[in-house]
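The values are calculated or read from the model by the stated rules, or taken from the named source; none is laboratory data. This structure is a prediction, so every number in the text was calculated from the model and none was measured. FYI the Cβ positions are ideal-geometry reconstructions off the backbone, even for glycines, and counts take in every protein chain you see.
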Amino acid sequence: MTPSSLPYGSWPSPIDAVAVARHDGAPNWPVVRGGEAWWTEPRPREGGRVALCRTRLDDGSAPVETVLPAPWNARSRVHEYGGRPYLLLDGPDGSPLLVFSEYGDQRLYRYAPGRAGEPADRGPGPVPLPEPLTPAPRVPSSTRYVEPVASPDGAHVWCVREAHTGPAPTDVERSVVSVPLDGSAAEAPDAVRVLVRDTRFLACPRVSPDGRRLSWIGWDHPDMPWDSTVLRVADLVDGVPGPARTVAGGAGEAVVQAEWAGPDRLHYVSDPEGWWHPHRLDLDPDGVVLPGGPSPVAGTAEEFGGPLWLLGSSWLAPMGDGRAAVVHGRATTSLGLLDTGSGKLTDIDTPHTEWLPRIAAADGSVVGVAGSPTRSAEVVLVGPDGSWRALGGADAEDDPYADYLPVPEARVFPGADGRGVHANVYAPRHPRARGPEGEAPPFVLFAHGGPTSRAPMLRDLEIAYFTSRGIGVAEVNYGGSTGHGRAYRERLRGEWGVVDVADCVSVAEALASEGLAAPGRLAIRGGSAGGWTSAAALAFTDVFACGTVQYPILDLAGWRTGETHDFESRYLESLVGPWPEARGRYEERSPVNHADAIGVPFLLMQGLEDEICPPVQCERLLARISGRGVPHAYLAFEGEQHGFRQEATIAAALRAELSLYAQVFGFDTDAPVVELRP
């Protein structure tokens, strides 16, 4: 069928906002244990909770079982972003024993669900509920736990604890603690023992295979975990860590993961050479680093690690035979097997072009989360022979939207001062529609969050929602993004609000000059740090005809002086400058102080329970722009935090965004009209 010529933006699409909302988010935290694979899964249709799923591995057609029914929500709030919220142990009868962090109260719980496909014999009476392991704090959800691991004696769980001790967001104490599995601490708080109280931030507690040592990663303000961290080790005596020794890391080096590959050998991921690479470190029987020190295992100009936004992220998994499974790459990422002796790297052949830092290894198999532009992120099992299969999820060959998915192109555009700017470009695509002859489509530039992060190329119905209607999308991995080495990510040091905005402008202008985008029909959108970049682009440039700003940072001074959580409370010292010496720079760059310079329509959206970018920042901007005649709309969502998780919210936000572009760019759409008020 010959495609019909239709105005860009008005192409009929089967991808509606509800379909996007129901597919929002990716599975996470996969584990293989006892012939079963486990993982977490977001459930927008269930109020945004995180469910825990599993399936048997001995049967390729085994169903996926939801282990914890609603409203149980396996999600930690440590650092507000959370991390790996659960641990699997062997119960007394060999069946799995689950320990998890419950989002509702942030306590640790234990639960014995029986084996997959074989309901446990509960005996007469009601099915037992999960039982608390940790005490209820005086202030609800003020004590949080993440990254649980098994103790050497098997009778405790060791994990990172974050205790909020006062009214200020920075009134926080963190430690590695020991929680008894018998539940005694639920009513006796003193039964929770502090093992490590070290640096302000702690991550990656790991017990050596022989139970003689504990390792962990730490860092202090004002560093972030991608700036400078230390890897520390302590001997265990009667289950208690002795004096800690720093064995790797330091100023200008970021260790982001460390795993024991033997009783005296650590494999860890760090970047002293400017790229995150696996390293090998050997200790003598006394725990002293052997002569020669740590040595890199791989030396190519690509990343084997990334930013530690979520505690428990895993780019490396020791296989137990001298090899390690690794996630590596630049514009895309692959899963490989690395011989840690020779450095030989062999990639696993699968159709996935993006492996997330969520890999684990057991019994010669690797399980991870991976996807591609035609496959949504899914849990993937790779067997000892290199064969693979997806666990749960839809078959990519049965994708009802396959013909509407855009084909991304990884580009490097010329930026200011001759620097290259990385971006993923998605041209409009529709099997039965095309734009008017001689006309270029509108384009929306997506600025990712972080800003120390990156935009992967995955099957993303949110992007397809726009491209299938005739609106192009370009995800800009601006200077400061990860995936291209430390030098690229440090382009943003002291330059946030300058380099990121300039790079988005460079991509937009290049798309227009190449005839790929209509010059007067360019928009920008982003959430969190991407919301900052979007708002700054509207205030300080005249390139974009409109913008969508979600849960943003808008006032740097306010954010630095108490309007955010402890984890990022001093992040701006590297992104902008030292406080208070650089206060003038903070005020000069803040969009909230330049409301009079915003002259194009915009959409502002905010979760009302956001502890990272609180609503007060949006309210401040709205107060200053009120009455200036700039068309805008503000959507505030009850029950949402930083990032939208509920189906109704995700769908409403997407429809509102499409409505904004339809009104500004002048095309008809199936989205309800959002009223833009001056």
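Criterion applied to Val425, Val407 was being more than 30 Å from Gly83 (Cβ to Cβ) and surrounded by fewer than 22 Cβ atoms within 10 Å (Cβ to Cβ), and the one residue passing it is Val407.
Matching residues to (1) in contact with a strand residue (DSSP E or B) (Cβ under 7 Å, 6 or more places away or on another chain); (2) under 30 Å from Ile463 (Cβ atoms); (3) in a loop (DSSP other than H, G, I, E, B):
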position: Gly562; (1), (2), (3): no, no, yes
position: Glu573; (1), (2), (3): no, no, no
position: Ile612; (1), (2), (3): no, yes, yes
position: Gly639; (1), (2), (3): no, yes, yes
position: Leu654; (1), (2), (3): no, yes, no
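A count restricted to region 83-106 and to residues that are farther than 15 Å from Arg33 by Cα, in contact (Cβ under 8 Å) with a residue 60 or more places away in the chain and assigned to a loop (DSSP other than H, G, I, E, B) stands at 2. The set of residues from region 489-519 being surrounded by fewer than 24 Cβ atoms within 10 Å (Cβ to Cβ), in contact with a Pro (Cβ under 9 Å, 6 or more places away or on another chain) and free of Cβ contacts under 8 Å to residues at least 60 places away in the same chain comprises Glu509, Ser513. Any chance region 262-278 includes a residue that's modelled with pLDDT of 95 or more, out of contact with any Gly (no Cβ under 8 Å at 6 or more places or on another chain), crowded, with 20+ Cβ neighbours inside 10 Å and farther than 22 Å from Ser453 by Cβ? Yes; the residues of region 262-278 include at least one that is modelled with pLDDT of 95 or more, out of contact with any Gly (no Cβ under 8 Å at 6 or more places or on another chain), crowded, with 20+ Cβ neighbours inside 10 Å and farther than 22 Å from Ser453 by Cβ.
I'd like the full set of residues that are charged (D, E, K, R) and either touching a His at 6+ places or on another chain (Cβ under 9 Å) or closer than 27 Å to Pro225 by Cα (or both), limited to region 183-201. Within region 183-201, Arg193, Arg197, Asp198, Arg200 meet the criteria.
Mind counting the residues in region 18-35 that are surrounded by 23 or more Cβ atoms within 10 Å (Cβ to Cβ) and either aromatic (Phe, Trp, Tyr) or part of a strand (DSSP E or B) (or both)? The qualifying residues number 3. Which ranges mark the strands (runs of 3 or more DSSP E) fully within region 171-231 that have 1 or more residues being of a type in the set (Val, Ile, Thr) and surrounded by 20 or more Cβ atoms within 10 Å (Cβ to Cβ)? So the answer is 172-180, 193-196, 213-219. Give all pairs with beta carbons closer than 6 Å in which a residue from region 290-316 that is more than 14 Å from Ala203 (Cβ to Cβ) and free of Cβ contacts under 8 Å to residues at least 40 places away in the same chain meets a residue that is in a loop (DSSP other than H, G, I, E, B) and not hydrophobic (A, V, I, L, M, F, W, C); count only pairs at least 6 apart in sequence or on separate chains. Once the first residue is more than 14 Å from Ala203 (Cβ to Cβ) and free of Cβ contacts under 8 Å to residues at least 40 places away in the same chain and sits in region 290-316, its partners that are in a loop (DSSP other than H, G, I, E, B) and not hydrophobic (A, V, I, L, M, F, W, C) give Leu290/Asp284; Glu302/Arg330. Against the condition over 23 Å from the mean Cα position of the chain (by Cα), modelled with pLDDT of 95 or more and of a type outside the set (A, V, I, L, M, F, W, C), how does Pro189 come out, does it pass? Against the criterion (over 23 Å from the mean Cα position of the chain (by Cα), modelled with pLDDT of 95 or more and of a type outside the set (A, V, I, L, M, F, W, C)), Pro189 qualifies.
So that you can scan it fast, the table gives a plain yes or no per residue for (1) part of a loop (DSSP other than H, G, I, E, B); (2) at pLDDT below 95:
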| position | (1), (2) |
| --- | --- |
| Leu381 | no, no |
| Asp385 | yes, yes |
| Ala394 | yes, yes |
| Val421 | no, no |
| Asn424 | no, no |
| Val444 | no, no |
| Ser453 | yes, no |
| Met457 | yes, no |
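Let's see how each residue does on (1) in a helix (DSSP H, G or I); (2) under 21 Å from Phe602 (Cβ atoms); (3) among the acidic types (Asp, Glu); (4) modelled with pLDDT of 95 or more:
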| site | (1), (2), (3), (4) |
| --- | --- |
| Ser506 | yes, no, no, yes |
| Ala510 | yes, no, no, yes |
| Gly515 | no, no, no, yes |
| Val549 | no, yes, no, yes |
| Pro580 | no, no, no, yes |
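The residue list Glu581, Glu563, Glu588 contains one member that is in contact (Cβ under 8 Å) with a residue 12 or more places away in the chain and not hydrophobic (A, V, I, L, M, F, W, C), which is Glu563. Among the residues examined, Gly627 qualifies as not in a helix (DSSP H, G or I) and not aliphatic (A, V, I, L, M).
Scanning region 329-354 for residues that are assigned to a strand (DSSP E or B), closer than 17 Å to Glu378 by Cβ and either among the hydroxyl-bearing types (Ser, Thr, Tyr) or out of contact with any Pro (no Cβ under 7 Å at 6 or more places or on another chain) (or both) yields Thr333, Ser334, Leu335. Regarding Gly60, is this residue within 30 Å of Cys613 (Cβ to Cβ), in a loop (DSSP other than H, G, I, E, B) and out of contact with any Ser or Thr (no Cβ under 7 Å at 6 or more places or on another chain)? When the stated conditions are applied, Gly60 does not pass them.
Any residue that is small (Gly, Ala, Ser) and surrounded by 24 or more Cβ atoms within 10 Å (Cβ to Cβ) - is there at least one of those in region 565-583? So far as region 565-583 goes, no, none of its residues is small (Gly, Ala, Ser) and surrounded by 24 or more Cβ atoms within 10 Å (Cβ to Cβ).
The single condition among (1) touching a residue at least 40 places away in the same chain (Cβ under 8 Å); (2) not aromatic (Phe, Trp, Tyr); (3) not in a loop (DSSP other than H, G, I, E, B) that Ala671 does not meet is (3). Would you check if Arg411 is basic (Lys, Arg), farther than 21 Å from Leu310 by Cβ and either part of a helix (DSSP H, G or I) or under 26 Å from the mean Cα position of the chain (by Cα) (or both)? Yes, satisfied. Taken over region 132-155, the criterion of being out of contact with any Cys (no Cβ under 6 Å at 6 or more places or on another chain) and within 19 Å of Gly312 (Cα to Cα) is satisfied by Thr143, Arg144, Val146, Val149, Ala150, Ser151.
Listed conditions (1) of a type in the set (Gly, Ala, Ser); (2) in a loop (DSSP other than H, G, I, E, B); (3) within 20 Å of the chain's Cα centre (by Cα) are all met by Gly293, apart from (3). Against the conditions (1) closer than 21 Å to Trp39 by Cα; (2) more than 18 Å from the chain's Cα centre (by Cα); (3) not acidic (Asp, Glu), Ile348 satisfies every one except (1). Against the definition (modelled with pLDDT of 95 or more and assigned to a strand (DSSP E or B)), how does Val473 come out, yes or no? Considered against the rule, which asks whether it is modelled with pLDDT of 95 or more and assigned to a strand (DSSP E or B), Val473 comes out as yes. If you check Ala636, Ala671, Ala648, Ala656 for being at pLDDT 95 or above, among the aliphatic types (A, V, I, L, M) and farther than 19 Å from Gly531 by Cβ, only one passes: Ala648.
Among the residues of region 459-470, those identified as within 17 Å of the chain's Cα centre (by Cα) and assigned to a loop (DSSP other than H, G, I, E, B) are Arg459, Asp460.
So for region 71-82 (the condition being touching a residue at least 12 places away in the same chain (Cβ under 8 Å), over 27 Å from the mean Cα position of the chain (by Cα), surrounded by fewer than 18 Cβ atoms within 10 Å (Cβ to Cβ) and assigned to a loop (DSSP other than H, G, I, E, B)), does at least one residue qualify? Scanning region 71-82 turns up no residue that is touching a residue at least 12 places away in the same chain (Cβ under 8 Å), over 27 Å from the mean Cα position of the chain (by Cα), surrounded by fewer than 18 Cβ atoms within 10 Å (Cβ to Cβ) and assigned to a loop (DSSP other than H, G, I, E, B).
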